[in-house]
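Working notes, beginning with the structure itself.
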Amino acid sequence: MDYPFKDDTLFRGTSNTLEYLSMNVNTDVIEMAQKYKVFGGNKYPNLRAFRIKNINTRLMRPGAPSKAATKFALSVSSKLEILAVEDIAMEATIVPSIVEHGHMSSLQLLAIPDAFLTLSHIVVLLEQTPMLTDLHCHYTGVGTLFECVEDDQLPVVFAQ
(Lines give C-alpha, C1' and ligand atoms only; values in the text may rest on other atoms or scores of the structure.)
Protein backbone atom coordinates (compact mmCIF):
# COMPACT_ATOMS: atom_id res chain seq x y z
CA MET A 1 0.00 0.00 0.00
CA ASP A 2 1.29 3.44 -0.87
CA TYR A 3 1.51 6.13 1.78
CA PRO A 4 -1.90 7.83 1.41
CA PHE A 5 -0.92 11.46 2.12
CA LYS A 6 1.35 14.08 0.59
CA ASP A 7 2.49 15.27 4.01
CA ASP A 8 3.32 13.89 7.46
CA THR A 9 -0.32 13.51 8.59
CA LEU A 10 0.15 10.01 10.03
CA PHE A 11 3.15 11.08 12.09
CA ARG A 12 1.69 14.18 13.73
CA GLY A 13 1.18 13.93 17.47
CA THR A 14 2.87 10.54 17.76
CA SER A 15 6.35 11.58 18.81
CA ASN A 16 5.97 10.50 22.44
CA THR A 17 3.78 7.45 21.87
CA LEU A 18 5.15 5.76 18.75
CA GLU A 19 6.79 2.45 19.70
CA TYR A 20 6.66 0.40 16.48
CA LEU A 21 7.16 1.71 12.96
CA SER A 22 7.15 -0.45 9.85
CA MET A 23 7.24 1.22 6.44
CA ASN A 24 7.47 0.16 2.83
CA VAL A 25 8.93 3.20 1.11
CA ASN A 26 9.20 4.54 -2.39
CA THR A 27 10.64 7.77 -3.75
CA ASP A 28 7.58 9.84 -2.77
CA VAL A 29 7.58 8.62 0.82
CA ILE A 30 11.30 9.31 1.28
CA GLU A 31 10.92 12.82 -0.19
CA MET A 32 7.94 13.52 2.08
CA ALA A 33 9.80 12.20 5.13
CA GLN A 34 12.79 14.38 4.38
CA LYS A 35 10.65 17.46 3.64
CA TYR A 36 8.73 17.19 6.92
CA LYS A 37 11.70 15.85 8.88
CA VAL A 38 9.82 12.67 9.79
CA PHE A 39 13.21 11.01 10.26
CA GLY A 40 14.46 13.82 12.50
CA GLY A 41 16.68 13.03 15.45
CA ASN A 42 15.26 12.37 18.93
CA LYS A 43 11.73 12.78 17.60
CA TYR A 44 10.48 9.38 18.80
CA PRO A 45 12.04 8.70 22.23
CA ASN A 46 9.93 5.59 22.87
CA LEU A 47 10.47 3.87 19.52
CA ARG A 48 11.36 0.22 20.17
CA ALA A 49 11.12 -1.31 16.70
CA PHE A 50 11.78 0.19 13.29
CA ARG A 51 11.50 -1.62 9.95
CA ILE A 52 11.88 0.00 6.57
CA LYS A 53 11.81 -1.67 3.17
CA ASN A 54 12.62 -0.11 -0.18
CA ILE A 55 9.86 -1.36 -2.49
CA ASN A 56 11.04 0.18 -5.76
CA THR A 57 14.82 0.30 -5.84
CA ARG A 58 14.98 0.86 -9.60
CA LEU A 59 13.28 4.23 -9.26
CA MET A 60 15.37 5.47 -6.36
CA ARG A 61 18.98 6.41 -5.91
CA PRO A 62 20.59 3.15 -4.79
CA GLY A 63 20.93 3.11 -1.04
CA ALA A 64 18.99 6.36 -0.47
CA PRO A 65 16.23 4.78 1.63
CA SER A 66 18.61 2.69 3.69
CA LYS A 67 20.88 5.68 4.35
CA ALA A 68 17.95 7.88 5.39
CA ALA A 69 16.45 5.10 7.49
CA THR A 70 19.75 4.24 9.14
CA LYS A 71 20.39 7.87 10.00
CA PHE A 72 16.90 8.08 11.50
CA ALA A 73 17.15 4.81 13.42
CA LEU A 74 20.48 5.82 14.92
CA SER A 75 19.09 9.17 16.05
CA VAL A 76 16.07 7.81 17.91
CA SER A 77 15.96 6.80 21.53
CA SER A 78 18.29 4.31 23.13
CA LYS A 79 15.19 2.12 23.63
CA LEU A 80 15.40 0.78 20.06
CA GLU A 81 15.37 -3.02 20.30
CA ILE A 82 14.67 -4.01 16.69
CA LEU A 83 16.12 -2.44 13.56
CA ALA A 84 15.37 -3.90 10.13
CA VAL A 85 16.46 -2.18 6.93
CA GLU A 86 15.72 -3.99 3.67
CA ASP A 87 17.24 -2.48 0.55
CA ILE A 88 19.09 -4.35 -2.17
CA ALA A 89 21.48 -1.40 -2.39
CA MET A 90 22.38 -1.74 1.31
CA GLU A 91 26.03 -1.15 2.04
CA ALA A 92 28.22 -2.38 4.86
CA THR A 93 28.61 1.28 5.90
CA ILE A 94 25.75 0.69 8.33
CA VAL A 95 28.26 -0.93 10.70
CA PRO A 96 30.46 2.15 11.22
CA SER A 97 27.26 4.22 11.56
CA ILE A 98 26.05 2.04 14.42
CA VAL A 99 29.45 2.07 16.11
CA GLU A 100 29.80 5.83 15.64
CA HIS A 101 26.52 6.57 17.42
CA GLY A 102 27.26 4.12 20.22
CA HIS A 103 23.84 4.29 21.91
CA MET A 104 22.45 1.03 20.56
CA SER A 105 22.84 -0.73 23.89
CA SER A 106 19.22 -1.96 23.82
CA LEU A 107 19.38 -3.35 20.28
CA GLN A 108 18.43 -7.03 20.32
CA LEU A 109 17.71 -7.74 16.66
CA LEU A 110 19.47 -6.21 13.68
CA ALA A 111 18.09 -7.34 10.32
CA ILE A 112 20.03 -6.04 7.38
CA PRO A 113 19.47 -8.96 5.00
CA ASP A 114 20.85 -7.17 1.98
CA ALA A 115 24.12 -6.08 3.60
CA PHE A 116 27.27 -8.10 2.97
CA LEU A 117 29.37 -8.02 6.13
CA THR A 118 32.83 -9.33 6.83
CA LEU A 119 33.81 -11.13 9.99
CA SER A 120 35.40 -7.86 11.19
CA HIS A 121 32.08 -6.02 10.76
CA ILE A 122 30.26 -8.72 12.71
CA VAL A 123 32.78 -8.69 15.57
CA VAL A 124 32.54 -4.90 15.86
CA LEU A 125 28.74 -5.08 15.89
CA LEU A 126 28.75 -7.70 18.62
CA GLU A 127 31.14 -5.60 20.70
CA GLN A 128 29.04 -2.44 20.34
CA THR A 129 25.61 -3.99 20.86
CA PRO A 130 25.78 -6.01 24.10
CA MET A 131 22.09 -7.02 24.02
CA LEU A 132 22.15 -8.21 20.40
CA THR A 133 20.79 -11.75 20.11
CA ASP A 134 19.97 -11.86 16.39
CA LEU A 135 21.89 -10.55 13.40
CA HIS A 136 20.42 -11.17 9.96
CA CYS A 137 22.82 -10.38 7.11
CA HIS A 138 24.94 -11.83 4.35
CA TYR A 139 28.40 -12.92 5.33
CA THR A 140 31.21 -12.60 2.82
CA GLY A 141 34.07 -15.04 2.91
CA VAL A 142 32.27 -18.18 4.10
CA GLY A 143 34.31 -20.25 1.65
CA THR A 144 37.54 -19.39 3.44
CA LEU A 145 36.22 -20.52 6.82
CA PHE A 146 34.17 -23.57 5.87
CA GLU A 147 35.69 -25.85 3.25
CA CYS A 148 32.39 -27.70 2.70
CA VAL A 149 30.67 -24.51 1.52
CA GLU A 150 31.55 -23.42 -2.00
CA ASP A 151 29.43 -20.27 -2.15
CA ASP A 152 31.33 -17.27 -0.83
CA GLN A 153 28.22 -15.20 -0.15
CA LEU A 154 25.68 -17.17 1.81
CA PRO A 155 22.74 -15.65 3.74
CA VAL A 156 23.14 -16.52 7.41
CA VAL A 157 21.67 -15.70 10.80
CA PHE A 158 24.12 -15.23 13.64
CA ALA A 159 23.14 -15.42 17.30
CA GLN A 160 25.40 -14.24 20.07
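Applying the selection to the range 1-39, what residues are aromatic (Phe, Trp, Tyr), under 21 Å from the mean Cα position of the chain (by Cα) and over 17 Å from residue 50 (Cα atoms)? Answer for the range 1-39, where residues must be aromatic (Phe, Trp, Tyr), under 21 Å from the mean Cα position of the chain (by Cα) and over 17 Å from residue 50 (Cα atoms): just 36. Scanning the range 98-111 for residues that are open to solvent by less than 60 Å² (accessible area, probe 1.4 Å), modelled with pLDDT of 85 or more and under 14 Å from the mean Cα position of the chain (by Cα) yields a total of 4. Applying the selection to the range 16-35, what residues are in a loop (DSSP other than H, G, I, E, B) and at pLDDT below 85? Selection gives 26 alone.
The values are calculated or read from the model by the stated rules, or taken from the named source; none is laboratory data. A quick note: this is a predicted structure, and the numbers were derived from the prediction, not measured. Just the protein is used for accessible areas: all its heavy atoms, side chains included, with ligands, DNA and RNA removed. Shrake-Rupley method; radii C 1.70, N 1.55, O 1.52, S 1.80 Å.
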